[in-house]
1. Kindly check whether there is at least one residue in region 248-260 that is in a helix (DSSP H, G or I) and within 23 Å of the chain's Cα centre (by Cα).
2. For region 262-303, give me the residue count where each residue is among the β-branched types (V, I, T) and within 22 Å of G161 (Cβ to Cβ).
3. Inspect region 211-218 for any residue being assigned to a helix (DSSP H, G or I) and modelled with pLDDT under 95 and give the result as yes or no.
4. If a residue has to be over 17 Å from the mean Cα position of the chain (by Cα), under 26 Å from A370 (Cα atoms) and free of Cβ contacts under 8 Å to residues at least 40 places away in the same chain to count, how many in region 127-166 make the cut?
5. Being farther than 30 Å from A186 by Cα, assigned to a loop (DSSP other than H, G, I, E, B) and either modelled with pLDDT of 95 or more or not aliphatic (A, V, I, L, M) (or both) is true for just one of D334, D313. Which residue is that?
6. How many residues does region 270-326 contain that are over 23 Å from Q223 (Cα atoms) and of a type in the set (A, V, I, L, M, F, W, C)?
7. Applying the selection to region 187-210, what residues are of a type in the set (A, V, I, L, M, F, W, C), part of a loop (DSSP other than H, G, I, E, B), modelled with pLDDT of 90 or more and surrounded by 21 or more Cβ atoms within 10 Å (Cβ to Cβ)?
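The values are calculated or read from the model by the stated rules, or taken from the named source; none is laboratory data. A quick note: this is a predicted structure, and the numbers were derived from the prediction, not measured. Cβ coordinates were reconstructed from backbone atoms using ideal geometry, including for glycine residues, and neighbour counts include every protein chain displayed.
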Amino acid sequence: MFDGPIIDCDIHNSPVTPEEYLEYMPRAWRERLMVDGRMRSLVPPLVSSAQLPDGMTRRAETYPPDGGPPGSSYDLLREQLLEPFRVGAAILDHDIGHEAGLPDGELALVCVRALNDWMLERWLTDPRDERLFSLILAPVQNPADGVAEIHRLGANERFVGAMLPFNGLGKPFGHPVYHDVYAAMAEFDLPLYMHINGGEFFGVTANYGSGGGPAAYKVEQYQYEYQPTANHLASMIVHGVFEKFPDFKVLLSETGLSWLGGFAARLDSCYDLMRRESPWVKRRPSEYLRERLVVTTQPIEALPGQGRALLEDLSLIEGAEDMVSFASDYPHYDADDPTYAFSFFPESWHKKIAYENARRVLRFPSSFAATFDRPLAGQA
C-alpha cells in the first residue's frame, strides 16, 4: 500500500439544508423558489427508475449526528477520510451539480452561480483547510453563460478544474457549440471534469444514458454508465477539441475503468476512416487519450483478489498507468478507501494513482507542490 499523500478526485459534499443556497441568489429568485417556507427541489427528475433495493445511496456512518445529509459535515469528512487516509488534496464536486441541468437555462445559471459561491465561502474559505479544492460549475444551455462563469471564477486557485455536469443542449461534448467554453477553460489552464456522463440519467437529454432506453434495474444502469462518456470522448476527438486546444485535459470521475482499453482499441482500428471523415484527426485516438485523459479508480469493476482481468482490459491502451487516479466517491454506499483501491494495481502504479496523474491534470496552485514533495505528518 502506498503510504504517502493522496489526491482524492471525487468527494460528494452537500449543504446541511438546500436553503443554504438561497443566501447566494438574488432576492427575486429566492422568493420565486420558496414554497410553503421551504426551497423547492432543483434536482431534475431521474429518468431511470433503477435504484438500490433498500433505497440507500450513502453509507450509514456518514450521516452527521447533528443532522444534515452525508457530505454536509466537514468535521466528519476530516475524521472519516482526510485524516485516516492522509489525503493531501480533496476535490469537492458539488454532489455532481444536478442543478446545472435544469431545462430553464436562466434558472440553471442562477443556481450554478449560487452553488459556486456557496462552495467558495462555506468549504474553500471557512473552514480554512488547505486540502480542500473544488470545480467551477458551468452551465451550457447557453454556452455564453458557461464562458462568463469560468471568467468570473477562473483566477481563483481553490478551483482546480471546470465541471460540465450536463450536456444541456443534448449534443455530445465535442460539438463545436461547446468550444467557446473550452477556450475559456484553456485560458485559465483548467481541465474539464466530467462526472459519470454529462447528466444523461436526469431527464435533460433524450438518450436516457444508453442507446436502448432507460434501465429497469440498478445492475443494468451500472453496466452501461460509461456509454455516454465514450460518446463524448469520441466526439471530442473527431471535432478537434484536442487539436484546437493543445494543452486541454480531461478528468473522468466515476465512469469505471474496464471499458477504456477496448474503447481506445476500437477507435484506433477506425483511424483511417476517421481521418477521411474529419480533418481534425491528425493522430491515433489512443494518443490523444493517453496524453490528455485521466480516469478515476471508483468504481473498480472487479472483486477483491480478481484484478488481473481489469489490468488486461487496461493493457489494450499503451501507458494506462499514466491514466488512472484515485477517487473515494465518499460518502456513497460503494465508496472505496485507498487500501482497497490500490490492491488492484501493481505497486509500480501506486504513486501515479495516488497523486502524480491527478496532479498533472488538475490545476493546483504552484505553492501546493510542497504537499507532495515532503512527507506528511507521521511519515518517516
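1. At the first step, the residues of region 248-260 found to be in a helix (DSSP H, G or I) are 259-260.
Going one step further and asking which of them are within 23 Å of the chain's Cα centre (by Cα), we end up with 259-260.
Yes, that holds for at least one residue.
2. 4
3. In the first step, residues of region 211-218 are kept if they are assigned to a helix (DSSP H, G or I); the result is 218.
From what's left, modelled with pLDDT under 95: 218.
So far as region 211-218 goes, yes, one or more of its residues are assigned to a helix (DSSP H, G or I) and modelled with pLDDT under 95.
4. Number of matching residues: 5.
5. Numbers: D313 fails: assigned to a loop (DSSP other than H, G, I, E, B).
Going through D334, D313 in turn, just one is farther than 30 Å from A186 by Cα, assigned to a loop (DSSP other than H, G, I, E, B) and either modelled with pLDDT of 95 or more or not aliphatic (A, V, I, L, M) (or both): D334.
6. 5
7. L190
For every residue, the table says whether it meets (1) charged (D, E, K, R); (2) at pLDDT 95 or above; (3) within 15 Å of F245 (Cβ to Cβ); (4) in contact with a Lys or Arg (Cβ under 9 Å, 6 or more places away or on another chain).
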| site | (1), (2), (3), (4) |
| --- | --- |
| A155 | no, yes, no, no |
| L169 | no, no, no, no |
| V181 | no, yes, yes, no |
| M185 | no, yes, yes, no |
